[in-house]
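The values are calculated or read from the model by the stated rules, or taken from the named source; none is laboratory data. Fair warning: this is a prediction, and the values are worked out from it, not measured in the lab. In this analysis, Cβ positions are derived from the backbone assuming ideal geometry, glycine residues included, and neighbour counts consider all displayed protein chains.
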Amino acid sequence: MVLGIKSITQEIKEWIITILIALVLVVIIRMFILDSRIVPTTSMVPTIKPGDRLFVEKITHRFSGLERGEVIVFKPPAQSGLKDDLIKRLIALPGDTVEIKDGKLFLNGEVQTEGYLAEPLKYNMPKITVPENKLFMLGDNRNRSYDSHEWGFVDIQNVKGKAFITYWPLNRMKIW
């Protein structure tokens, strides 16, 4: 009988240790490696739709940098008046010039072909140069996206990560 109680106690201790290790791993992964997001708005339609769930990886941009065209999650700048993280497409890096005219995006003086847009742009924006340590971000649903064309630049240090996998709904599953 004593052996039975010791083995039950030992098994309970093993389960507790296993659960604690799993919890610590989940916290570490969520804080530093991979996070899950639910997209609440239409600003990235048709690429990402409201209700889509995706994983955001938080590591590679710290080592390999960021590239134009990537879909990024970031803390919005104070001038936006927003508190929740945003997801937009990285359009321009520090030193790039951006202009929107006649329904087209010009990057460093060249018209960009953007097959992922919901519709042609219906606004103009004068030529600007992206400052050092800043990014210029736009939603794919440009005419219905509150983004850099309205509130300016994003600090590079406010980047949380890159879209990695859209995992829900299953019919929209995509590896970025």
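Taken as a whole, segment 162-174 holds at least one residue that is modelled with pLDDT under 95 and of a type in the set (D, E, K, R).
Taking first residues from segment 104-117 that are modelled with pLDDT of 95 or more and partners that are surrounded by 12 or more Cβ atoms within 10 Å (Cβ to Cβ) and of a type in the set (Gly, Ala, Ser), the Cβ contacts under 9 Å between residues at least 6 apart in sequence or on separate chains come to 107/92; 108/92. Select from segment 84-98 the residues that are in contact with a strand residue (DSSP E or B) (Cβ under 7 Å, 6 or more places away or on another chain), closer than 17 Å to residue 37 by Cα and surrounded by fewer than 18 Cβ atoms within 10 Å (Cβ to Cβ) and list them in ascending order. The answer is 85, and nothing else. For segment 1-45, a residue qualifies if it is assigned to a helix (DSSP H, G or I) and either of a type in the set (Ser, Thr, Tyr) or within 30 Å of residue 118 (Cα to Cα) (or both), and the qualifying residues are 7, 9, 18.
Given the condition touching a Phe, Trp or Tyr at 6+ places or on another chain (Cβ under 8 Å), free of Cβ contacts under 8 Å to residues at least 24 places away in the same chain and either among the β-branched types (Val, Ile, Thr) or surrounded by fewer than 16 Cβ atoms within 10 Å (Cβ to Cβ) (or both), answer yes or no: does some residue in segment 120-142 qualify? Scanning segment 120-142, I find no residue that is touching a Phe, Trp or Tyr at 6+ places or on another chain (Cβ under 8 Å), free of Cβ contacts under 8 Å to residues at least 24 places away in the same chain and either among the β-branched types (Val, Ile, Thr) or surrounded by fewer than 16 Cβ atoms within 10 Å (Cβ to Cβ) (or both), so the answer is no.
Within segment 30-83, the only residue that satisfies the criterion of being in contact with a helix residue (DSSP H, G or I) (Cβ under 8 Å, 6 or more places away or on another chain), surrounded by fewer than 16 Cβ atoms within 10 Å (Cβ to Cβ) and basic (Lys, Arg) is 49. Across segment 144-159, the qualifying residues are those that are polar (S, T, N, Q) and in contact with a Phe, Trp or Tyr (Cβ under 7 Å, 6 or more places away or on another chain), and the one among them that is farthest from residue 89 (Cα to Cα) is 158.
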